[in-house]
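The values are calculated or read from the model by the stated rules, or taken from the named source; none is laboratory data. Because the structure is predicted, anything quoted here is derived from the model rather than measured. Here the Cβ positions follow ideal geometry from the backbone for every residue, glycine too, while neighbour counts run over all protein chains shown.
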Amino acid sequence: MKTVLIICANNLQKAPRFLMEVGALKRDYHIIAAGYNSKTNLDYDFVNIDIHEKRKELTINFHLGYPILLKKVFSALIHIIYFNYFYKLKNQEKINERSEFNLLKKLSFDLVIVHHIWQLALAVKLARYKKVRLIFNAHEYYPLEFDDDANWMNTFHYKYTELCKKYLPKVDLCFCVGGIIAEKYKQEFNLESKIISNTKPYYTLKPQELKEGEKVKIIHHGAIIASRKIELMIDMMDYLGDNYHLTLILIPSGDLDYFENIQNKAFQHPRVSVIDAVSVSEIPLVLNRFDIGLFILPPTNYNYRNALPNKFFEFIQARLAIAISPSPEMAELVNKYDLGIVANDFSAKAMAEKINELSLEKIMYYKNQSHIYAKEFSDENTQQLIKLSVQKLI
């Protein structure tokens, strides 16, 4: 049986694109997952690459009375300062990459799949050493990932652009999240991609009936990141009548202050509730109790502007009507398959205006549309694309 090495820095149990690959390949290939602190999983072998050499704290002790020449003391001091502090501080990423390479090169594998730009250099080095093919699973368009942040653009933009220029020509195939981002990689780096959307497994659910006199139940779930402006979805409720209720499933990110602000804002609104997060596999089951899946995503950066996220496909599997802002990738599918509504702009008021136009019959119609297309938008088709791509390369 051929072996596929997948390098993924995420928490593997919460990495949908990684899990999709495993689902596609586990029956025909031995899978080795290289990442950080994962739990044991029967579908793949796990190798922990969190083995980075730690930079030592600089400590210098002077011992008076020792018969050592001053120049030797000075030379030793410079050696300590440079090699244990400045050198490692400047070259920590290269040191980490070398440690990971030395560990993974001992393994036997026939193909490498790598997630994220910051591990691409490692994957290229391994693929070249083992003389195997390489797939880059691009979650984002990395050179513009946070182009709304001037500090990020002055640092990581240049770093990721250089990584793309240097290593993308050595990639045999790219899996890309959407058509617009795939075209951007083609224009800037002449990289060919297959569109592997963030689809979800097929769930045998049915749309829940929405009866006259019941409140219309709106749901949003996801990471609480300031640039996503989650507060807009709470503000939207001020423009909707008493027959609407919004529920939020809030997942903390690194900005705990923003998370607390959103929590407090939600708690203060009489028609907004917060419920606990659930595992990835349970999300469609929980969402199925609701009527409308909501996502207002202002185009604060390039990737948000062109997003086609996991939650879009989770709304479909949950058999919900979909209400989104005019993000082009999502809007194209909503309009093509008649899955819900697209607001005229990214404001809270614009979304509320569209929702207010909906009758109960129209909401049920959209829920049934999600039901009709749930199979087509499941990861069965996506996994087949992954499987065929791997077969061709191996």
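Numerical summary
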| quantity | calculated |
| --- | --- |
| Positions within segment 95-116 being among the β-branched types (Val, Ile, Thr) and at pLDDT 95 or above, in sequence order | Val112, Ile113, Val114 |
| Residue match in segment 321-341 (condition: in the same structural domain as Asn243 (by TED's automatic domain parsing) and within 24 Å of Leu173 (Cα to Cα)) | yes |
| Thr161 being closer than 27 Å to Ser227 by Cβ, at pLDDT 95 or above and either of a type in the set (S, T, N, Q) or over 20 Å from the mean Cα position of the chain (by Cα) (or both) | yes |
| Enumerated helices (runs of 4 or more DSSP H) restricted to segment 245-338, each holding at least 1 residues that are touching a residue at least 24 places away in the same chain (Cβ under 8 Å) and over 21 Å from Ile234 (Cα atoms) | 283-287, 302-305, 310-317, 328-337 |
| Positions within segment 99-133 being hydroxyl-bearing (Ser, Thr, Tyr) and assigned to a helix (DSSP H, G or I), in sequence order | Ser99, Tyr129 |
| Residue list for segment 1-25, restricted to those being in contact with a Lys or Arg (Cβ under 9 Å, 6 or more places away or on another chain), of a type outside the set (A, V, I, L, M, F, W, C) and part of a loop (DSSP other than H, G, I, E, B) | Asn10 |
| So Tyr337, is it under 25 Å from Tyr142 (Cβ atoms) and in contact with a helix residue (DSSP H, G or I) (Cβ under 8 Å, 6 or more places away or on another chain) | no |
| Residues located in segment 250-276, provided they are under 21 Å from the mean Cα position of the chain (by Cα), surrounded by fewer than 18 Cβ atoms within 10 Å (Cβ to Cβ) and either modelled with pLDDT of 95 or more or among the aliphatic types (A, V, I, L, M) (or both) | Ile251, Leu256 |
| Index of the failed condition, Lys200 passing every other in (1) closer than 30 Å to His245 by Cβ; (2) more than 22 Å from the chain's Cα centre (by Cα) | (2) |
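Matching residues to (1) in contact (Cβ under 8 Å) with a residue 12 or more places away in the chain; (2) touching a Phe, Trp or Tyr at 6+ places or on another chain (Cβ under 7 Å); (3) assigned by TED's automatic domain parsing to the domain that holds Val114; (4) of a type outside the set (Ser, Thr, Tyr):
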| site | (1), (2), (3), (4) |
| --- | --- |
| Tyr142 | yes, yes, yes, no |
| Asn151 | no, no, yes, yes |
| Cys164 | yes, yes, yes, yes |
| Tyr167 | yes, no, yes, no |
